[in-house]
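The values are calculated or read from the model by the stated rules, or taken from the named source; none is laboratory data. Here the structure is a predicted model, which means the values were calculated and not measured. Ideal geometry is used to build each Cβ from the backbone, glycine not excepted, and the neighbour counts take in all protein chains shown.
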Amino acid sequence: MFAALRHRNFRLLWVGLLISFSGSLMQSAAILWHVSLLVPDDRRALALGSVGLVRVVPVILFSLLSGVAADVFDRRRVMLITQTVMALLAGLLALLTWSGLSVVWPIYAISAASAAAGAFDLPARQALVPNLVPREHLANALSLNTIMFQIAAVTGPGLGGIVIGQLGVAAAYALNAVSFLVVIAALVMMRVPRSADERRHEDTRAAFTVRAAMEGLRFVVRSPLIRSTMLLDFFATF
């Protein structure tokens, strides 16, 4: 059941992501609570709904481009950049809150920026996993990732409630920033051999263009099964 965890690189990533996702979900709970405190009662529903909107729009805008980036650039380096950006954004949100943040627009802006970074992080992370385990353990690695997400979905908001109740929302944001450092450390400690695909793409950095993204969009439009799956996944977000 835990065969994939015998591989050091995957184990580092799995543990790091477990901590990081728990921190991210803790921050998500903190943001909703924070927004509810900053707006009048008659605007609370709209304000809370807007949190989801500012998160999903960057994902839609950058989804195709991020897939191209994961295909062309070194996935571990892409994750290092995205995780660092998200850590800095969480730290900025903590500092703003500690300094007496009284309006919601900085929360929306930081949430949108973090979602944009996450849009590039997801495909890179998914594409990196096959490089961390042998083919016979790939299915087990994917199953363990699902388990990890489920654990984080339970522990993150639960810890968030405790932290917010005892220390406040700023502390939740700060702890999330620290949780990203665990993933960054794990990525730095990895020794990932370059795959044949990565070596082939070494001389094709120019492929990272809007045209490449549009080619991906045309493929989706022309493939009914993929188009239907993506639409279903999109509407499930709401």
Self-check item: Answer from Leu65, Leu92 - the residue that is assigned to a helix (DSSP H, G or I) and closer than 18 Å to Leu181 by Cα
Solution: Leu92
Exercise. Could you look through segment 58-75, keep only residues that are in contact with a helix residue (DSSP H, G or I) (Cβ under 7 Å, 6 or more places away or on another chain) and of a type in the set (A, V, I, L, M), and pick out the one that is nearest to Ala124 (Cα to Cα)?
Key: Ala70
Quiz prompt | Selected residue (criterion: surrounded by the fewest Cβ atoms within 10 Å (Cβ to Cβ)) from residues of segment 112-135 that are of a type outside the set (A, V, I, L, M) and over 17 Å from Ile81 (Cα atoms) | solution = Arg135
Exercise. Among residues belonging to segment 76-103 that are of a type in the set (Ser, Thr, Tyr) and touching a Phe, Trp or Tyr at 6+ places or on another chain (Cβ under 7 Å), point out the one that is nearest to Ala124 (Cα to Cα).
Key: Thr82
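Matching residues to (1) in contact (Cβ under 8 Å) with a residue 24 or more places away in the chain; (2) under 24 Å from Tyr173 (Cβ atoms); (3) touching a Ser or Thr at 6+ places or on another chain (Cβ under 6 Å):
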{"residue": "Arg44", "(1), (2), (3)": "no, yes, yes"}
{"residue": "Val56", "(1), (2), (3)": "yes, yes, yes"}
{"residue": "Asp71", "(1), (2), (3)": "yes, no, no"}
{"residue": "Arg76", "(1), (2), (3)": "yes, no, no"}
{"residue": "Leu80", "(1), (2), (3)": "yes, yes, no"}
{"residue": "Val85", "(1), (2), (3)": "yes, yes, no"}
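So that you can scan it fast, the table gives a plain yes or no per residue for (1) closer than 29 Å to Arg11 by Cβ; (2) exposed (fewer than 13 other Cβ atoms within 10 Å of the Cβ); (3) at pLDDT below 95:
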| residue | (1), (2), (3) |
| --- | --- |
| His137 | yes, no, yes |
| Ile184 | yes, no, no |
| Pro193 | yes, yes, yes |
| Glu202 | yes, yes, yes |
| Leu231 | no, yes, yes |
| Phe238 | no, yes, yes |
Quiz item: Restricting attention to segment 1-29, which residues are without any contact (Cβ under 8 Å) to a residue 24 or more places away in the chain and surrounded by 20 or more Cβ atoms within 10 Å (Cβ to Cβ)?
Solution: none
Practice problem: Would you check if Val103 is in the same structural domain as Leu181 (by TED's automatic domain parsing), hydrophobic (A, V, I, L, M, F, W, C) and part of a helix (DSSP H, G or I)? | Solution: no
